[in-house]
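Scroll down for the structure; my scribbles are underneath it.
The values are calculated or read from the model by the stated rules, or taken from the named source; none is laboratory data. Note that the structure is a prediction, hence the values are computed from the model and not measured. Cβ coordinates were reconstructed from backbone atoms using ideal geometry, including for glycine residues, and neighbour counts include every protein chain displayed.
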Amino acid sequence: MWMLLIGCADKPALDSAEDAEETGAPVVDTALDSASDSAPIDSGPLDTAPPVDTSPPDPVDDDGDGYLDDVDCDDGDAMVFPGAAEICDGRQTDCDLAWASDAGIATWTGDDGAVEDWSKTLAAGTWKAPVVHILEDPGTLSLCGGPWYAGFGIDADITLQGYEDASLDGAQVHTIITLYQSGLALRIQDLTLQNGGADAPMTPWRGDYIVGGALACMGNSTVDLDNVQALDNYSPEVAGAMGIGDGCHLTVVDSLFRGNVGTYGATLTVYDAYLNITGSIFEENVSMSDAGAVMMYYNTAVITDTIIRRNTSHQEGGGMNFADGDLTFEDVLFEDNTAGDLGGALFYHRDADVSYTNVTFSGNFAKDAGAVAVGTDSYATFDSVRFEGNQAIHQGGAVLFIGASMSGTNVDFVDNSPEDVYHGHGDEAHTYGKGASFACDRDGCD
C-alpha cells in the first residue's frame with residue numbers, strides 16, 4: 001500500500017542573503033557573533049599594589065633623655081627612663097623598677113632646678129620626736145604617703161605638695177608649719193595636717209599666747225590651702241588648728257577641718273588679717289571657750305559655698321565668733337552647732353557688719369540665740385536666708401539682737417523656738433513665718 005507524505009520534510013537552509021531576501025526571512029550574521037565570542041577581552045594594564053612593609057619602625061627618642069622608645073616607658077617625658085631616680089610625683093619614673101606607688105618618698109625641687117631626695121631625712125622623725133626643718137630656699141617639697149613626723153619653718157616662697165594621701169603629723173608636740181615673715185608665699189596642696197600640738201608664740205591676742213596646732217602665720221604674707229585636711233590638731237590656748245595674724249592673707253579652698261580642739265577658735269583664729277574660704281567643711285570641732293570653728297577680730301572675710309556643722313563652743317558662738325570688721329556669707333550652711341551660752345551658730349559684736357545671701361541655719365542650739373546673736377553696734381543684712389528648727393532655752397530661737405540693727409528680705413522662719421526674733425533692748429519677741437521682710441534697730445522691729 002502506498003502512502004504519500006507531504007510537508008514533513010525539513011526546510012533547506014538559506015544559502016545566502018539573497019535567498020533570505022527572496023523569502024523575506026531576517027539576515028543573521030553568525031560570523032560576527034562567532035568572532036565576538038572567541039576574541040580576547042582587553043582590560044588594560046593590571047594594577048599591582050606595592051608590597052606591604054611589615055617591619056617595625058625604627059626606635060626614636062622623642063623626649064631627648066637618651067633612651068629610645070623601645071625601652072623608655074614614657075618617651076614623652078625626659079624625667080622618665082630606665083634607671084631614673086624615683087621621685088615623689090605619684091607616678092613611675094624608673095622604667096626598670098617594679099613600681100606600685102611612691103609612698104615613703106620625699107623630694108625637694110628647688111626653684112634653681114636642683115632635685116634632692118629628702119626621704120631619709122624626714123623619715124628620721126618619729127611619733128615621739130618629730131624632725132623640724134627650716135626651709136630657707138624657694139622651691140617645692142613633695143611628700144608621698146605618710147604619716148611624716150615632721151614640721152617646717154618657712155623662710156622662703158614654698159609649696160608643700162602631697163601625693164597618695166600624704167600627711168604631716170605633729171605628734172601633739174609642736175606646731176607643724178610656722179611662717180613669721182612678711183612678703184612670702186606659702187602654698188599647701190593635697191596634704192593632711194594632723195595631730196599638731198601648738199607651741200608657736202604669738203602676741204596680738206591681748207598678750208602672749210600659744211597658737212595653731214597645724215599652722216601659724218604672723219606677718220604680711222600669703223597662705224593658700226587647696227584640698228587640705230586639718231585633723232585632730234590641738235592648742236591649749238588659741239587656735240586649735242591655725243592661728244593667722246598681723247596682716248597674713250589666708251585663702252582656703254576645698255578643704256576640711258575636723259576634730260580640732262582649742263580655747264578661742266577650735267580651727268581658725270584670725271586677728272587683724274584677711275580670710276577667704278570657699279568650698280570647705282568645718283565639722284565636729286570643739287572650743288573650750290568661744291568659737292567652735294572660727295574666731296575673728298579686726299578682719300575682712302568672705303565665706304562662700306561652705307558647710308559649718310556639728311561644732312561646739314562652751315561659751316559663745318558654736319560655729320563662729322566675730323568682732324570689729326566686715327564679713328560676707330554666701331551659699332553657706334550652719335547646721336547642728338551648739339553654744340553653751342550665746343549664739344548656737346554664730347555670735348558677733350563691736351562694730352561688725354555682716355551680710356548673708358542664700359544662707360541656711362538649721363538645728364542650731366544655745367542658751368540664748370539658737371542660731372545668730374547680733375551684739376552692740378553691729379549690723380546684719382539677711383537676703384534669701386532660711387532659719388529652720390533652731391532652738392534657744394531662753395530667748396531668740398533664730399535671732400537675738402541687743403544694741404544692734406538688722407534688716408531682712410525674703411527670709412523664711414520655720415519651727416524655731418521659742419520665737420523667731422528677740423529684741424533684747426525692747427524686750428520684744430517676733431514670729432514672722434516664711435518670706436518675711438523686716439527692719440530692726442535699737443528701738444525695735446517694724
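Couple of notes before you dig in:
- With respect to being in a loop (DSSP other than H, G, I, E, B) and more than 20 Å from Gly292 (Cβ to Cβ), Asp226 falls outside the description.
- Within segment 255-276, tally of residues that are in contact with a Leu (Cβ under 9 Å, 6 or more places away or on another chain) and either surrounded by fewer than 24 Cβ atoms within 10 Å (Cβ to Cβ) or more than 24 Å from Gly162 (Cα to Cα) (or both): 9
- When each of Gly403, Gly370, Gly433 is tested for being touching a residue at least 24 places away in the same chain (Cβ under 8 Å), more than 24 Å from Ile303 (Cα to Cα), part of a loop (DSSP other than H, G, I, E, B) and assigned by TED's automatic domain parsing to the domain that holds Thr306, the lone residue that passes is Gly403.
- Some residue of segment 270-280 being assigned to a loop (DSSP other than H, G, I, E, B) and under 22 Å from the mean Cα position of the chain (by Cα): yes
- Any hit, segment 123-145, residues being of a type outside the set (Asp, Glu) and in a helix (DSSP H, G or I): yes
- Single residue of segment 229-250 satisfying the filter (more than 21 Å from Asp155 (Cα to Cα) and either among the charged types (D, E, K, R) or surrounded by fewer than 24 Cβ atoms within 10 Å (Cβ to Cβ) (or both)) that is modelled with the lowest pLDDT: Glu237
- Verdict on Phe282 being out of contact with any Asp or Glu (no Cβ under 9 Å at 6 or more places or on another chain) and crowded, with 24+ Cβ neighbours inside 10 Å: yes
- Taken together, the residues in segment 123-137 that are in contact (Cβ under 8 Å) with a residue 24 or more places away in the chain and in contact with a Gly (Cβ under 7 Å, 6 or more places away or on another chain) amount to 3.
- Of all the numbered requirements in (1) in contact with a Ser or Thr (Cβ under 6 Å, 6 or more places away or on another chain); (2) surrounded by fewer than 24 Cβ atoms within 10 Å (Cβ to Cβ), Ala171 misses one, and that requirement is (1).
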